[in-house]
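The structure under discussion appears below in the form of structure tokens.
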Amino acid sequence: MEVGLTHFLVLSAILFSLGIFGIATRKNAIMVLMSLELIMNSANINFVVFSRFGNFQIEGQVFALFVMILAAAEVAIALAIVLNIYQNFRHVNVDEIKDLKG
Amino acid sequence: MTPELLLNLSIAILIIPLLSFIVLIFFGKKLGRPAGFIGTSILGIDLILSITVAFVRLLYYPDAAMFQYKFDWLNVGTNSIALGVGLDNLAAIMLIVVTLISFLVHLFSLEYMREDKRFPRFYAYLGLFTFSMLGIVIANNFLNMFIFWELVGVSSYLLIGFWFEKDSAANASKKAFIVNRIGDLGFLFGLMTIYLTYGTFLFDEVFGSINAGILPFDSGAWMTAIGIFVFLGAVGKSAQFPLHVWLPDAMEGPTPVSALIHAATMVAAGVYLTARVFPMFTADALLFVAYTGALTAFIAATIAITQWDFKRVLAYSTVSQLGYMVMGLGVGAFTSGFMHLVTHAWFKALLFLASGSVIHAMHHAMHHHNEHHMDPQDIRNMGGLRKTMPITYITFLFATIAISGIPLTSGFLSKDGILAGTLAFAQLSGHWFIPVAGFGAALMTAFYMFRLTILSFHGKPKTHIASHTHENNRFITFPLVLLAILTFWFFYSFNPLDAGKGWFHSVTQTPQIATPHNLMFDFMVQNDQAEPSSNQQVKTFEVTHYQHHHSGEHHSYRSTLEEYIHHAHTPAMILSLLVAITGILLSFIYYQFRIWDVDSIVNLYPWLYKGSFNKWFFDEIYQATFINGTVGFAKIGAWFDLNIVDGVVNFMGTLGRGLGKITSWFDFRGVDGAVNLTAWISKRLGDIFRQPQTGIIQAYLVLTIIGLVVLVYIFI
Amino acid sequence: MSTFLGLGPLTWITFLPILGMIIILLIPSGNDDVAKERSQNLFRLITAGITFLQLIIAILLMTAFNTKLVGVNDPSSMQFVERVSWISLTGLPIFGTLKIEYFIGIDGLSAPMILLTGIVSFLATFSSWHIKKAAKGYFAMYLLLVTGMMGVFVALDFFLFYVFWELMLLPMYFLIGIWGGPNKEYAAIKFFLYTLFGSVFMLLVMIALYFAVGSFNMFEMMDFTKYDTNSILYGMGGSWRLIAFAALFVGFAIKVPSVPFHTWLPDAHVEAPTPISVILAGVLLKMGTYGMLRIAWPMFPDAVYYFQTWIAVIGMVSIVYGALCALGQHKFGKRDFKKLIAYSSVSHMGYVMLGMASMTSEGMIGAIFQMFNHGTITAMLFMIVGVIYDRAHTRGLDDFGGLATKMPVYTGIMTIAFFGAIGLPGLSGFVSEVMVFLGSFRTYPVYTMISALGVVLGAAYMLWALQRVFFGKLPERWNKPWDPSGKLYKTDDIAPVELAALIPLAVVVIFFGIYPQPMISMMETSVNHLIEVVKTTGQIAGL
């Protein structure tokens, strides 16, 4: 059986779903961040896969690289926020951080 | 002395007692006992002046009209109300009467009131009283008369209630004032009608206008009404039936006050007023006056018979004698009526002062024997005072004889004249009740006066107190003796049986009648008046001189009535002597010799005795009708005011508050409710919509994704 | 009389108290007891000083008063006139132009009232001497009240009159409501609402008159030629005129107060502090009858003519009914001394109404004179009640007896006041009562005779009270001195401050009782003119 586009897309979909699940269910903000990484990676996979199978040159790979750099920067900011949250709340449990509640 | 000087002196006589009042009311307390001497000496001066004025007037100007001094007191628009003083023969005689009795009372009180703690105050009040009384005497107009009339009322209020710690005294003074006020109300009506009709209050102007035919409301009935209105004032002040009830109660005042007020001055004021306004009475008014007097004389005498209180007997005797005077004036025996006022003044003052002397002696004896529960005024506790108090007894006896109408006394002269007048009047008009009441009262007077004398002075002392009494000192006995001398006949007429030729009659003749002849008894119309006067100026209230040609049998009478009175003189004298002696004899039979028992009569007619003893229940009847009626009205009024009138006001208030409550409820529930409802609804909606806003980002995410999925599902 | 600082005497007499009020308000009350005491003394002295100045001005005015000038409806013969435009607006909707003047002056109708106000407000200060509670507010209010009263008597512009009329309500409300007795709130509100109720009628009539004339000037309102022909008040004897008069009459009758609008008076008197009772009885009641004479009579002569008999009946009913109620106080109710005097006021003001209805010189002059005399005599009576109330803290007639032995001087003064109220000759009440009777008998013989019953009833309730309180035995509880410490009252008898208030009044009462001519001359010309105006106009109207 040849590994085709569908397989990659299924993998990426699984990764995405895991990421969403992680964001929705994890209480710890770090875990949420990690789940976010999963989602981004699933996106990367899609970029690369569509670049390979589609009628494209290397735009997909370049986008994937951008995303990775962006993710690194994003994680840095997010961790800084998480640290601030920790300083304010003494925990990073996202369930209990409900200041947005109406 | 000129008339002007006489008038000025009369004004001085009027003012002097007022000065005494002012000085003593302000400085009396500091002065203490000397206040009494000051008051007495001031009155002494007053007395000397009065005697001078009176003698000059009576000797030099006996025929002159009233000397007058008047000034405008109030100028109202075109009208002016004048006040003033006037001096005529009546006033001159009254000046002496008032000042002499007032002076003697002052003197008497120096001893009698010696131990009273408000001694100076008493003298101040006496001064005020004398002032007011003199004001009445020398008034020349109705308003002046009314002013001093009221002042007399007040000063008597103060004097009767002098011992105001006693409730009975305070009640008596109040009663006296209010009963007098009822009479004054009539007087006031009279004043109003007079002012309305004549626009003036001066006696001469009013009588002049009446003489000129001006009648109030052009009606003879109103003319009668004016007379009766003014006479009502006299009814109050002179204690005539039916307003006589205050006088006996007024005996609560100190005894000298009783002598002053209730014998000689205040009560005489009514008679004096009646004499003053005599010209304006119509036939009907005179009849009213005569009947009032006759009824009073009779009723009061029936009450006096059964009383046990020394002063009460005298009080009712005063009422009865005042009835005589009024009756005398009413039947047209003007001179005798007025003369009785004077003679009665002396002997009644004497009786009261003598009773004061007795009470004072009893008091002292009681005090001496530490006896405090006895009534010193009850004649049942006296007896035998003849021995212990000889001067008082003798003088009292003089007065008793005089009041009973025995010849050689002053009382006989005047009483006989009145009785002759009633006989003549009855002959001419047919009103026989009047002489019957007059003679009946004369009988009873002789009886109860001797009963009083016998029970208190004769026989054996009934209590040990009575046996230990002593004659009082000269302050008390001097007035008694002086007054006793004045009960002799020769002061008034040299003929002890007929006053008609004496000086008194010649200076106080019946004044001309001012009322139209058709309203008057024709027998009272005077001859010299019937002819039209050549002098157009009306000379009313002027004592025209008796026509001086009664040589021998030849008389010329001024009116038919005078002629009849002259003829009735002898029968009246015999009759009155007869009844007087009968009364005295009965009195001796029952009380001195006890031949017949009094109780047998009492038991024979117990209701008569009870009625008389309880003053015919006048007080009770008035209490039940007028007083309770007024008080009832007042109660109803006060209740009505508090509950109905104010109730309406409060109801309006409550109504307003109720309406307010309703609107405020509506405002709260209705108007404000609608507003609150919208707010409530939005809140509920908000509550619903805020439910998804959990604040948990993850939840939002999930929802987003679900939404996304749904959208994808819908659109793809 | 010349002006001072550019202002005429009437302005000074009216607004001096305002000046005093401002000074008092500027003085601090003080924190500790000593400072409080000092400033209270200052308040008292300022009030006494200001009102004394007022009295002096009033007396000077009386001496300078020309008794020959008629006044009433003739602006040229008013005296001490001051006239400045106050509010002048043009182009207003409905009203068009609004012109209100500061127009004051006096004539024979108001002169006696000025004197009365001067006397009573000065002497009532002495009764206020012991007021400790919030003294600053009290004296400030008191002075404001005095301004209001004076203003009512001098105003010649209806609007100005109304302003002063209402101005006096406000301090009165607080003076009763704060310094009053136990039931003070009820009384104060009752007084306020009742009077306001009357004012509403007055306001309505005032506006109606304004539309008829186009000015608030009283004299223009009295000049019937100036009436707008479209106005409902145009035309003599028109039914609207009668209604307007009735409304005005009710407004003033409430103040008098005449039966049946009188029930605020007993409550107000019972609750008010002594000096306020004095002012209330002494001056405020007169404002009602004064208003009738100044406004209702000359502005609606036709209606007066029409209602004359009814006014006399109201007067008669007030006299007899008031006297009966006063007598009833002895037998019914709480037997409050002040209530008795309050009802006697109703009765005595009835004489004024009767006299005013009579339309005779004697009756009218008697009525105004009675206003003056009632002012002085009743002021005395209330001060007298205040004296024992201050000491015994009760006014119950049953609580006393035999005070004559304890307080002889007091009893003497009391006797003068009581007999003054009864109408004893030699005291001023007699003169006015007799004049009223003489005058009204000419017009209404029967009503007058019924009214004269009040004389007997008056004697009955007054003497009853006199006996109750002063005669008989002193109750045990008053046997000891009023103030055992001797700090407040040095003797048992009346204190000098109280005498200082009572003796001048007694002198006034005796003086005018013996020599009433000055007072009568003062009002005679004006009163006769007023009668003439009413009679001629009323007869023209053919009612």
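The aspartates and glutamates within cross-link reach of B:LYS29, meaning a Cα-to-Cα straight distance under 13 Å and a gap of 8 or more places when in the same chain, are B:ASP116. Between the listed residues B:GLY213, B:VAL712, B:ALA234, the Cα displaced farthest toward the positive end of the dipole of chain B, a dipole computed from Cβ unit charges relative to the Cα centre, is found at B:VAL712. For segment A:5-89, carbon and sulfur atoms together expose 75% of the accessible surface, with a 1.4 angstrom probe and every protein chain in place. When GluC sites (Glu not before Pro) are flagged only if DSSP places them in a loop and at most 12 other Cβ atoms lie within 10 Å, the longest unflagged stretch of chain A comes out as A:3-95.
If R0 is 25 Å, the Cβ-Cβ spacing of B:GLU4 and C:GLN517 corresponds to a FRET efficiency of close to 0.55.
Against chain C, whose longest principal axis comes from its Cα atoms, helix C:239-255 is set at around 20 degrees. Averaged over peptide B:640-648, the number of partner chain Cβ atoms lying within 10 Å of each residue's Cβ comes to 5.
Rounded if a/c is under 1.5, else prolate if a/b beats b/c, else oblate: with a ≥ b ≥ c from the C-alpha gyration tensor eigenvalues square-rooted, which is segment A:5-89? In terms of gyration-tensor shape, oblate. Reported to the nearest whole Å, the Cα centre-to-centre distance from segment C:372-418 to segment C:180-195 is 24. Any chance you could tell me what percent of the C-alpha pair distances in segment C:404-446 go past 13 Å? Of all Cα-Cα pairs in segment C:404-446, 61 percent lie more than 13 Å apart. Against the main long axis of the alpha-carbon atoms of chain C, helix C:496-514 sits at an angle near 50°.
Calculate the dipole size of segment B:587-650 relative to its Cα centre from +1 charges on Lys and Arg beta carbons and -1 charges on Asp and Glu beta carbons; express the result in debye to the nearest 20.
That gives segment B:587-650 a dipole magnitude of about 200 debye.
Taking the longest Cα principal axis of chain B as reference, the axis of helix B:560-587 is set at about 90 degrees. Here A:LYS27 is the anchor, and the lysines within straight C-alpha reach of less than 23 Å, apart from those fewer than 8 places off in the same chain, are A:LYS98, A:LYS101.
The dipole here belongs to the protein assembly as shown: it is taken about the Cα centre, uses +1 on the Cβ of Lys and Arg and -1 on the Cβ of Asp and Glu, and is about 2920 debye.
Our helix-only sum for chain B, with -39,500 (n - 2.57) per DSSP H run of n ≥ 4 divided by its residues, gives a mean residue ellipticity at 222 nm of -22500 deg cm²/dmol. Of the trypsin sites (Lys or Arg not before Pro) found in segment C:434-543, the ones in coil according to DSSP and having at most 12 other Cβ atoms within 10 Å of their Cβ are C:LYS473, C:LYS487, C:LYS490. What is the protein assembly as shown by shape, rounded, prolate or oblate, if you read a ≥ b ≥ c off the alpha carbon gyration tensor as root eigenvalues and call it rounded for a/c under 1.5, prolate for a/b larger than b/c, and oblate otherwise? Since a/c reaches 1.5 and a/b is larger than b/c, the shape of the protein assembly as shown is classed as prolate. For the listed peptides B:329-335, B:40-46, a ranking on the average number of other beta carbons within 10 Å per residue, highest first, reads B:329-335, B:40-46.
Straight-distance candidates among the aspartates and glutamates for linking to C:LYS133, with alpha-carbon spacing under 12 Å and chain neighbours fewer than 8 residues away dropped: C:GLU37.
Note on exposure: C:ILE59, B:ILE16 ranked by accessible area (1.4 Å probe, complete protein assembly) read C:ILE59, B:ILE16, with the most exposed listed first.
Per residue of peptide C:399-405, the mean number of Cβ atoms on other chains within 10 Å of the residue Cβ is 2. Note on B:HIS373 and B:ILE51: the extension gain reaches 111.4 nm, defined as 0.36 nm multiplied by sequence separation minus the Cα-Cα distance.
For chain A, the set of chymotrypsin sites (Phe, Trp or Tyr not before Pro) satisfying both a DSSP loop assignment and a count of at most 14 other C-beta atoms within 10 Å is given as A:PHE56.
Rg then Dmax, both in Å and based on the Cα atoms of chain B: 37.6, 168. The spacing between segment B:67-131 and segment C:439-509, judged by their C-alpha centroids, is 25 Å.
In terms of Cα atoms, the Rg and Dmax of segment B:67-168 work out to 16.7, 56 Å. Taking the average, over residues, of other Cβ atoms within 10 Å as the packing measure, peptides B:470-481, B:221-232, B:61-72, C:258-269 rank C:258-269, B:221-232, B:470-481, B:61-72 from highest down. Residue pairs exceeding 20 angstrom between C-alpha atoms, taken from C:LYS184/C:LYS339; B:LYS174/C:LYS473; C:LYS190/C:LYS255; B:LYS117/B:LYS311; B:LYS166/C:LYS406; B:LYS615/B:LYS635: B:LYS117/B:LYS311; B:LYS615/B:LYS635. Per-residue mean of foreign Cβ neighbours for C:420-429 is 3 (Cβ atoms of other chains, 10 Å radius).
The values are calculated or read from the model by the stated rules, or taken from the named source; none is laboratory data. All of these numbers come straight from a predicted model, not from anything done at the bench. Here the Cβ is made from the backbone with ideal geometry for all residues, glycine too, and neighbour counts use every protein chain on show. Only protein heavy atoms, including side chains, enter the accessible area calculation; ligands, DNA and RNA are left aside. Shrake-Rupley method; radii C 1.70, N 1.55, O 1.52, S 1.80 Å.
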